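The values are calculated or read from the model by the stated rules, or taken from the named source; none is laboratory data. Please read these numbers as outputs of a predicted model, since none were measured by experiment. Note that we place each Cβ from the backbone using ideal geometry, even for glycine, and neighbour counts take in every protein chain shown.
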Amino acid sequence: MIRIGNGYDVHKLVEGRELVLGGVKIPHNKGVLGHSDGDVLIHAIMDALLGALALGDIGQHFPDNDNQYLNIDSMILLKKVKRIIEQEGYSIVNLDSIIVLEKPKIKLYIEFMQEKISETLGIKKNCVSIKATTEEKLGFTGDESGVKAYCVVLLQESREF
């Protein structure tokens, strides 16, 4: 059996925080406001993984009112989600994602993101697609007040029940 999941996340950009995308710190004058490190790409991936198996969303698994997740590295949470997926008897085939951000340009960081995510999920780098786009100065991403990410994942059953 195969399952598909869709994920989405959005965060405000503010001064005084680091910009972390795909587990990579990116130099910029603004960073992501969030309870955790605010990594919208990783959050979208986690929601897609959980959604594929109808297991809720990251807010149910890692609530933003729980101090154990305050400023936590989202890659730690991604490892936990991977374990949940494996416990359900599934493995990740591939993922396809989009980061929407006006500035900074992140083209030079995408390969590093792919490496970190593929290593964390235990899948080949060429199974982790990350694209970046702007919204041509429209909306909250266009005026540089926020960042968002979308992700679709494909899972396959990895054991018989």
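Quick one: count up the residues across the range 62-80 that are more than 25 Å from G146 (Cα to Cα) and of a type in the set (A, V, I, L, M, F, W, C).
Within the range 62-80, residues that are more than 25 Å from G146 (Cα to Cα) and of a type in the set (A, V, I, L, M, F, W, C) number 0.
Can you list residue pairs whose Cβ atoms sit under 7 Å apart, with the first residue in the range 79-94 being on the phi < 0 side of the Ramachandran plot and the second being basic (K, R) and modelled with pLDDT under 95? Count only pairs 6 or more apart in sequence or on different chains.
none
Given the conditions (1) in a loop (DSSP other than H, G, I, E, B); (2) under 30 Å from E157 (Cβ atoms); (3) of a type in the set (K, R), which single one is not true for R17?
Exception for R17: condition (2).
Mind telling me which of the residues G38, G59, G34 ends up being over 17 Å from C151 (Cα atoms) and at pLDDT below 95?
Working: G38 fails: over 17 Å from C151 (Cα atoms); G59 fails: over 17 Å from C151 (Cα atoms).
Going through G38, G59, G34 in turn, the sole match is G34.
I42 is checked against (1) over 21 Å from F112 (Cβ atoms); (2) surrounded by 20 or more Cβ atoms within 10 Å (Cβ to Cβ) and fails just one. What number does that condition carry?
Checking I42 against (1) over 21 Å from F112 (Cβ atoms); (2) surrounded by 20 or more Cβ atoms within 10 Å (Cβ to Cβ), the one that fails is (1).
Spot the failing condition for D73; the list is (1) within 15 Å of D9 (Cα to Cα); (2) within 15 Å of the chain's Cα centre (by Cα), and only one is missed.
Just one mismatch for D73, condition (1).
Quick check on this structure: which one of E136, E88 is more than 23 Å from N6 (Cβ to Cβ) and among the acidic types (D, E)? If you could, list the steps in order and put the result at the bottom.
Numbers: E88 fails: more than 23 Å from N6 (Cβ to Cβ).
On inspection, the qualifying residue turns out to be E136.
Is there any pair with a first residue in the range 140-161 that is assigned to a strand (DSSP E or B) and a second that is modelled with pLDDT under 90 and crowded, with 19+ Cβ neighbours inside 10 Å whose Cβ atoms are under 9 Å apart and which are 6 or more apart or on different chains, and what are they?
From residues that are assigned to a strand (DSSP E or B), the pairs are V147/T141; K148/T141.
Could we say that N94 is among the polar types (S, T, N, Q) and surrounded by 13 or more Cβ atoms within 10 Å (Cβ to Cβ) here? Show your work before the answer.
Values: among the polar types (S, T, N, Q): yes; surrounded by 13 or more Cβ atoms within 10 Å (Cβ to Cβ): yes.
Taking the combined requirement at face value, the residue satisfies it.
Here is a yes/no grid of residues against (1) crowded, with 19+ Cβ neighbours inside 10 Å; (2) modelled with pLDDT of 95 or more; (3) more than 24 Å from E15 (Cβ to Cβ); (4) among the aromatic types (F, W, Y):
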position: M113; (1), (2), (3), (4): yes, yes, no, no
position: S118; (1), (2), (3), (4): no, yes, yes, no
position: G122; (1), (2), (3), (4): no, yes, yes, no
position: T134; (1), (2), (3), (4): no, no, no, no
position: T141; (1), (2), (3), (4): yes, no, no, no
position: E144; (1), (2), (3), (4): no, no, no, no
position: K148; (1), (2), (3), (4): yes, yes, no, no
position: V153; (1), (2), (3), (4): yes, yes, yes, no
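Quickly run through the range 67-106 and pick out the residues that are modelled with pLDDT of 95 or more, in a helix (DSSP H, G or I) and more than 12 Å from I45 (Cα to Cα).
I76, K80, R83, I84, I85, E86, Q87
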